[in-house]
Amino acid sequence: MLDTNRLRVFRSVMASGSIQAAAANLGYTASAISQQISALQRETGLSLFEKAGRGIAPTPAAEALYARSEELMSELTKLGTVVDDLREGRSSSLTVGYFASAGATWIPQMGRALMAELPDLRLNFLLTESRGARVPVDIELIIEHAESTAPPDGFSRVPLLDDDYVLAVPCSHEFASRGVLPLSELAGQKLVQFDAMANPCQIVAQRACEAAGFSPVYSVHSEDHYTALAFVAAGMGMGLIPRLATTNLPPGVVLVEVTDPTPVRWISLLIRESAVPNLAAERAVEILQQIVASSDALEVPSAV
C-alpha cells in the first residue's frame, strides 16, 4: 500500500516543478523531500524523475502516477472531512447562527419544528450578528447590504428574503397619518439610529437616505431595533426599521411606508459545506424557507 504522505510530497514536486520549490511550499528541507521521493521510488519500483540540466524532469511513469493519483488524493481529503464531522458530533447536533430580529420571529418556529421531527437532535443557537469573527456553525442567517454577495469559503448561500424598511413614527408626530412617505421628506427630521453605523442594516438606511438627496440626522443612537422602537415610542425621533424587526411594536408607534427609494436589506442563509450529508441542516433550511414563504407578505399592524 502506498504511503499517502510520500504521495503528497511527490505531487507537490510535480506541481511545484522542482524539489527546492516543493520544499519551500511544504516547509521541509530539500534533503527531506529527496528522501521522500527516493522512498516512494523504492516503494513503487518506478523511476519517477531523471536529471535534466541542473534540475530534474518527471518520467512518463511520474506523469501517469500524478494523473491517476489526483482522484485518490481528493477522496482522502473528503475522508478527512468525514472524520472531522464525526469527531465534532455534527450527526447529533445542529449549530445555527442568527441575528436578533430573526431570533424573535423565525428561529423559535424552526426550532419547534426540528424538535418535533428530530427529538434526539441537540440544537445550539448563536447570536452571530455582533461577533467580530466567524464562529463554527452549520447554518447561519445573515444580513447583507448588497445583493448576490459571494459566500465565505466552505459555505453555500441561499437567498431568503428581501426585507424592506418602514418608518416607525410616534403617534403624536404629523407623519403618523401618512400612509406612504417619500424618503426625501425625512431630510432635517430627527431620527433614531437603530444599529452600529458599520453594520449592514445601518448601511442600507444610510445609503437610501443619501440616494434621496440628504444625510440623515440622528438625535439618538441605539444598537438594536427594540431599544430604538422604545425611543420612538418615547417621542425621541423616528426610525427607519426593517419590517421583520417590527413584529412587536410598543404602544404609541405607527408604521409608515417609505418610497423613492425604499431601503431594502437582503437576508440569506449560509450553509456549511460538508462531505457528510447533514440531514438536520438540510431539514432546517427547508423549514426556514417554508417559514419565510408564509410570512413574506406579512402586514405588520400598527400599535396605538
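The values are calculated or read from the model by the stated rules, or taken from the named source; none is laboratory data. Quick caveat, the model's predicted, so the values are computed rather than measured. Don't worry about glycine lacking a Cβ; one is built from the backbone with ideal geometry, like all the others, and counts go over all protein chains shown.
Observations
- Pick from the stretch 242-268, criterion within 28 Å of the chain's Cα centre (by Cα) and among the aliphatic types (A, V, I, L, M), ranking: surrounded by the fewest Cβ atoms within 10 Å (Cβ to Cβ): 264
- Restricted to strands (runs of 3 or more DSSP E) entirely inside the stretch 101-195, those with at least 2 residues that are in the same structural domain as residue 283 (by TED's automatic domain parsing) are 122-127, 139-144, 155-170.
- Screening 134, 90 for residues that are at pLDDT below 85, farther than 19 Å from residue 282 by Cα and basic (Lys, Arg) leaves exactly one candidate, 134.
- Pairs, first more than 15 Å from residue 165 (Cα to Cα) in the stretch 175-187, second among the acidic types (Asp, Glu), C-beta under 8 Å, six or more apart: 175/185
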